[in-house]
1. So, by mean Cβ neighbours within 10 angstrom, what's the order for 79-88, 147-156, 218-227 with the highest one leading?
2. Using alpha carbon centroids, what distance separates the stretch 160-235 and the stretch 101-155, in Å?
3. What order, most packed first, do the peptides 12-21, 28-37 have when packing is the mean number of other Cβ atoms within 10 Å of each residue?
4. What is the sum of charges around residue 78, taking Lys and Arg as +1, Asp and Glu as -1, for the other residues whose C-beta is under 14 Å from the C-beta of residue 78?
5. Using mean Cβ contacts within 10 Å as the protection proxy, how do 163-169, 136-142, 251-257 order, highest first?
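Bear in mind that the values in this text are calculations on the coordinates, not laboratory data. Here the structure is a predicted model, which is why all the values come from computation and not from measurement. Neighbour counts are summed over all protein chains in view; Cβ atoms, including those assigned to glycine, are modelled from backbone coordinates with ideal geometry.
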Amino acid sequence: MWRGIPTVGSLSAELLLLRRRAANWILLAIAVLLTLFFAYVLPYYAYVSDSGAPGFRTELSALLPEGFVATLASGFPFYIGILGLILGVLVFGSEYGWATLKTTLMQRPGRIRWLLAKLGALAIALVVATVAVYAAGALFSVGVTLWEGAAISWPSAGEILRGMGAGWLILSLWTLLGVLLAVLSRGTALALGLGIMYGLVVEGLVSGFGNSIALLHDLSLAFLRTNAYSLVAPLTGQSTDAGGPGAFSGPFVDPWQALVVIAGYIVLFGGISALLLYRRDVT
């Protein structure tokens with residue numbers, strides 16, 4: 001077998017490591033709780049109090065099962081994505097911080113095989129996380145329906161799968177960025193700082209000034225968050241020339257373009273990580 005192809009055993013070993021680390025479960029719990037809070041609790045409070053909080057969907061239909069895909073999809077480009085970045089940094093950065101990478105590679109030869117096994121385990125974990133977020137949102141939406149005495153009506157299976165697929169892609173995008181930063185910095189602290197600074201500050205500032213500065217507007221079209229929000233725009237009911245869901249106010253790109261850009265970033269981040277891991281000394 002080619003040394004670059006991970007075995008079932010190596011993939012199982014990486015999945016076991018992910019399951020055993022409490023930080024991963026904490027991040028999943030935070031993702032679910034943040035989703036319920038921002039997607040349901042605050043909007044429902046705005047609905048019942050008629051406060052009309054800006055940035056929140058206050059129509060009851062958005063909080064019912066019929067709208068749960070659109071309601072949940074808008075969270076992946078922002079706070080869920082940032083949690084994915086943190087996950088990628090912790091999973092790979094800890095290998096450097098605990099000095100376990102050299103020992104692991106001595107026991108299981110093949111750096112690319114190790115990397116692919118770890119990325120494969122992460123991809124599976126992100127599927128679980130995406131399903132967990134959507135399952136929690138669906139259950140909460142049923143609770144709102146029963147409380148309001150409304151009829152339960154679900155989106156089509158195709159719409160649910162599209163929502164989960166988009167969420168998984170966006171989560172993978174941010175997680176791979178975290179992986180790349182961890183490999184570049186060979187640790188967690190600097191990678192976390194750079195990643196969070198970029199995700200929360202740089203993109204926000206450039207996008208904010210992009211409405212008045214053409215160069216910044218063009219630059220923001222390549223941003224992760226721009227393309228992530230554009231990917232879920234058809235699901236959330238946002239047009240590509242309107243204000244965005246949640247805290248995002250544009251600009252948007254075509255959803256198919258966003259899909260290509262996100263896939264390209266995933267390949268790019270993973271490829272650079274593989275190249276660095278293959279060529280650099282792991283110590």
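1. Highest mean packing first, the order is 79-88, 218-227, 147-156.
2. If you average the Cα positions of each part, the centres end up 19 Å apart.
3. Highest to lowest by the protection proxy: 28-37, 12-21.
4. Net of charged neighbours comes to 0.
5. Averaged packing, sorted descending, gives the order 163-169, 136-142, 251-257.
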